[in-house]
Amino acid sequence: MIKIYSDGCCKGNPGPGGWGALLIYNQHVKEIYGGEDYTTNNRMELLAVIEALKTIKNQSIPILVTTDSQYVKNGIQSWIHNWKRNGWKNSTGKPVKNDDLWKVLDTLVHQFSIKWNWVKGHTGVFENERADQLANLGCANKFKERVPSIESLLNFEN
């Protein structure tokens, strides 16, 4: 099983933001992060999961995504069904926020076997804390392309 720990952050909401993800498969560890100059926390939470899934080449390995974002977990597990049925409108008939990212995530999740896990943020869960650190790195380096860590240079394919 590939374990993904994802997080997003924003300095101001909206404002400069970052996303980060820690991927663990057997003894392999990969860290990725990035950021945007002007964004929202929810967009960064979504991008963390999207970018992590994009790095996975073998679609037959089951995945466990752990996020501290109820927005991401509830959105992908329940709300998205009604949004799609209602033409990407929410329960009040307004356009779904971040529908561009939700559509990408929806496409990606159908390529894998994914289980979703929520963990409360900033409670000492090591992997979640590391994802938070990576998101903050992404925010700090928002004008750079993804800067790989030594771990991300490991061969992450099976």
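At-a-glance table
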item	result
Residue under evaluation residue 106, criteria (1) over 13 Å from the mean Cα position of the chain (by Cα); (2) acidic (Asp, Glu); (3) modelled with pLDDT of 95 or more, criterion not met	(1)
Cβ pairs under 6 Å, 6+ apart, first in the stretch 46-73 and under 26 Å from residue 120 (Cβ atoms), second among the hydroxyl-bearing types (Ser, Thr, Tyr)	48/6; 49/6; 52/6; 62/113; 66/5; 67/6; 73/67
Within the stretch 1-43, strands (runs of 3 or more DSSP E) holding 1 or more residues that are polar (S, T, N, Q) and within 16 Å of the chain's Cα centre (by Cα)	2-10, 28-39
Hits in the stretch 58-104 - residues which are surrounded by 14 or more Cβ atoms within 10 Å (Cβ to Cβ) and part of a strand (DSSP E or B)	63, 64, 65, 66, 67, 89
Qualifying residue in the stretch 120-133 (condition: assigned to a loop (DSSP other than H, G, I, E, B), within 17 Å of residue 40 (Cα to Cα) and at pLDDT 95 or above)	no
Cross-chain or 6+ apart pairs with Cβ under 7 Å, the stretch 3-14 first and under 10 Å from residue 52 (Cβ atoms) and touching a residue at least 12 places away in the same chain (Cβ under 8 Å), then among the basic types (Lys, Arg) and buried (at least 24 other Cβ atoms within 10 Å of the Cβ)	none
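The values are calculated or read from the model by the stated rules, or taken from the named source; none is laboratory data. The model shown is predicted, which means the values in this text are computed figures rather than measured ones. Here Cβ is always computed from backbone atoms with ideal geometry, including for glycine, and neighbour counts include all displayed protein chains.
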